[in-house]
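The values are calculated or read from the model by the stated rules, or taken from the named source; none is laboratory data. Remember, predicted model here, so these are calculated numbers, not experimental data. Cβ coordinates were reconstructed from backbone atoms using ideal geometry, including for glycine residues, and neighbour counts include every protein chain displayed. These area figures cover heavy atoms from the full protein model, side chains too; ligands, DNA and RNA do not enter into them. Shrake-Rupley method; radii C 1.70, N 1.55, O 1.52, S 1.80 Å.
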Amino acid sequence: MFSKTVNFIRLYYLALFVVLYISFHNSSVYALFILNTFLAYIPIELTFLINKLKRPFGILFLTCLWLLFFPNNFYLFTDLFHLSLLSPYNSQTMMITTDISVWFKLLMVILSVLPTTFLGCWSVDNVSSIINKSVLKKISLTPIMMVILFLNTIGVYLGRFGRLNSIDSITSFKETAQNIVSQLVHLDVNAIKLIVLFYVFSLIIMATYRLITSLPTQKLVD
């Protein structure tokens, strides 16, 4: 059942990337959205791979790689700001436009952001559980998850406002590390408020996910 679900998700994203490329590759802003969607999918795929591994070293390596790429997942949610470029209101009537291209872009963004965020929550839940069972056995699952979400929040902030991404950490590790330290040392009050807001938002999203997935299903009775 798990393998079928994984294959379905992979097919969904393959189709999504094809449609996004055909639709947005000529637009500078939305072309970046395609890249961000791909980067946001990487930690989901890494979680699929981690679940297949049995050797501790392999699990540890992919988990570290997952921690590096996971902020891209929640970062994608901030790309909803790009919807402001759609100009959805008719300038004369001030009614929402019936232009099909505007609605198509809206649906494409939603079909990218919402499933990716939901699967990101699943990914956090899954990897936290693996860390809890294999490394931090004496620490409960919730604190592990909260620490991961805090690190994720820092990553989202550095990505959005510091213009850093996970690939920079691989291609130019020293410069990226120095940049990260410099930005964190010089955080101002407004930046700290944003980080706190992002963190609270992440906790709420995660709590909502866990609440929804814990809801019982009603069995049909003949």
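With a 1.4 Å probe and all protein chains left in place, how much accessible area per residue does region 17-111 have, in Å²?
Spelled out: the 1.4 Å probe surface of region 17-111, per residue, equals 59 Å².
Return the distance in nm (one decimal) between the two label points of a simple spin-label model at residue 111 and residue 142, each offset 7 Å from Cα along Cα→Cβ.
The modelled label-to-label distance comes out at 3.9 nm.
What helices does the chain have that are whole DSSP H segments, at least 27 Å long along their own axis by Cα, and with mean Kyte-Doolittle hydropathy of 0.5 or more? Could you put the intermediate results ahead of the total?
Working: long enough: 2-24 (32 Å, 1.38); 28-52 (37 Å, 1.30); 100-134 (50 Å, 1.13); 141-161 (30 Å, 1.59); 189-213 (36 Å, 1.79).
Qualifying helices, which must be both long enough and hydrophobic enough, are 2-24, 28-52, 100-134, 141-161, 189-213.
Hey, what did the chain get for relative contact order, percent, Cα under 8 Å, at least 6 apart?
Values: 143 pairs, mean separation 41.2, N = 222.
It rounds to 19 percent for the chain.
Given the DSSP H assignment, sum -39500 (n - 2.57) over each helix run of at least 4 residues in the chain and divide by its residue total; what's the result at 222 nm in deg cm²/dmol, nearest 500?
Details: 9 runs with 170 residues, N = 222.
After summing the helix terms and dividing by residue count, I get -26000 deg cm²/dmol.
For the chain, which whole-number percentage of the solvent-accessible area (1.4 Å probe, protein heavy atoms only) is attributable to carbon and sulfur atoms?
Details: 9840 of 13940 Å².
On the chain, the fraction of accessible area on carbon and sulfur atoms equals 71 percent.
For residue 17, what is the net charge nearby, where nearby means another residue's Cβ is under 14 Å from its Cβ and Lys, Arg count +1, Asp, Glu -1? Write out the running numbers ahead of the final one.
On the way: positive: 10; negative: 45.
Value of the local net charge: 0.
Taking the Cβ of residue 30 as the center, what net charge do the other residues with Cβ under 11 Å away carry, scoring Lys and Arg +1 and Asp and Glu -1?
Details: positive: 105; negative: 79.
Once all neighbours under 11 Å are counted, the net charge is 0.
Report the charge-dipole magnitude of the chain in Debye, nearest 20, computed about the Cα centre from +1 at each Lys and Arg Cβ and -1 at each Asp and Glu Cβ. Walk me through the numbers before you get to the answer.
Working: 15 positive and 8 negative charges, 160 e Å.
Once rounded to the nearest 20, the dipole reads 760 debye.
In terms of the Cα gyration tensor, with a ≥ b ≥ c the square roots of its eigenvalues, is the chain rounded because a/c is under 1.5, prolate because a/b exceeds b/c, or oblate? Mind dumping the intermediate values first?
Details: a/c = 1.62, a/b = 1.19, b/c = 1.36.
Because a/c hits 1.5 or more and a/b fails to exceed b/c, the chain counts as oblate.
By per-residue mean of other Cβ atoms within 10 Å, what is the highest-first order of 184-193, 100-109, 160-169, 70-79? Write out the running numbers ahead of the final one.
Details: 184-193: 9.9, 100-109: 14.4, 160-169: 16.2, 70-79: 23.1.
Going from most to least packed, we get 70-79, 160-169, 100-109, 184-193.
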